[in-house]
Amino acid sequence: MSNPEKHVHTAVCPFCGQVTQIELETAEPSDQSLEAAAVKACECGEAVLLRRKQAKIADAKDCITEKFKSGVPSCVAELLAPALKYLFDGAIDEISIKINPEFTGKVAFTGDNFTIERKDVLKTREEI
């Protein structure tokens, strides 16, 4: 298997303006991919904060996917995951979904962490 050819591009951090040389596999990258690569390479405070935010949100999405993958409709994870950005940014405090009286899913962001909660109430009754 051959290695794809690398192309050197100049990218500018959108936060601090630092110019960096980056290697990409494409000869004509989009402005968005150049900006993302610049943010990934830059060590300014805003770039570091954005990378931290992206990592926290990715970890929380993985946790939501795992926590809500069985026993509930797939729409639960599909509805909770997009709210992570708004929770992180402080636009909303928490989001919860109640499927029925026995199931609730909730996500919140407090301090520096996401709290992801799944509450199942298993109720059994037998009459013999």
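Would you list the helices (runs of 4 or more DSSP H) that sit entirely within the range 37-93 and hold 2 or more residues that are touching a Cys at 6+ places or on another chain (Cβ under 8 Å) and modelled with pLDDT of 95 or more?
In the range 37-93, the matching helices (runs of 4 or more DSSP H) lie at 45-67.
What do you reckon, is ASP93 exposed (fewer than 11 other Cβ atoms within 10 Å of the Cβ), of a type in the set (Asp, Glu) and in contact with a strand residue (DSSP E or B) (Cβ under 9 Å, 6 or more places away or on another chain)?
Judged against the criteria, ASP93 is a match.
If GLU35 satisfies every condition in (1) surrounded by 11 or more Cβ atoms within 10 Å (Cβ to Cβ); (2) touching a helix residue (DSSP H, G or I) at 6+ places or on another chain (Cβ under 9 Å); (3) over 19 Å from GLU94 (Cα atoms) but one, which is the exception?
(2)
For the subset of the range 94-111 comprising residues that are charged (D, E, K, R) and at pLDDT 90 or above, which member is farthest from ALA83 (Cα to Cα)?
LYS98
Report whether or not GLN21 is part of a strand (DSSP E or B) and surrounded by fewer than 15 Cβ atoms within 10 Å (Cβ to Cβ). First the steps, then the outcome.
Numbers: part of a strand (DSSP E or B): yes; surrounded by fewer than 15 Cβ atoms within 10 Å (Cβ to Cβ): yes.
Yes: the conditions hold for GLN21.
Filtering the range 67-90 down to residues that are of a type in the set (Gly, Ala, Ser), free of Cβ contacts under 8 Å to residues at least 40 places away in the same chain and more than 14 Å from GLN54 (Cα to Cα), which residue is surrounded by the fewest Cβ atoms within 10 Å (Cβ to Cβ)? Step through it out loud before you land on a result.
First, the residues of the range 67-90 that are of a type in the set (Gly, Ala, Ser): 70-71, 74, 77, 81, 83, 90.
Right, trim to free of Cβ contacts under 8 Å to residues at least 40 places away in the same chain and you get 70, 74, 77, 81, 83, 90.
Restricting the remaining residues to those that are more than 14 Å from GLN54 (Cα to Cα) gives 70, 74, 77, 90.
Numbers: SER70: 6, SER74: 10, ALA77: 19, GLY90: 8.
It comes out as SER70.
The values are calculated or read from the model by the stated rules, or taken from the named source; none is laboratory data. Quick caveat, the model's predicted, so the values are computed rather than measured. Heads up, the Cβs are rebuilt from the backbone with ideal geometry, glycines too, and the neighbour counts pull from every protein chain shown.
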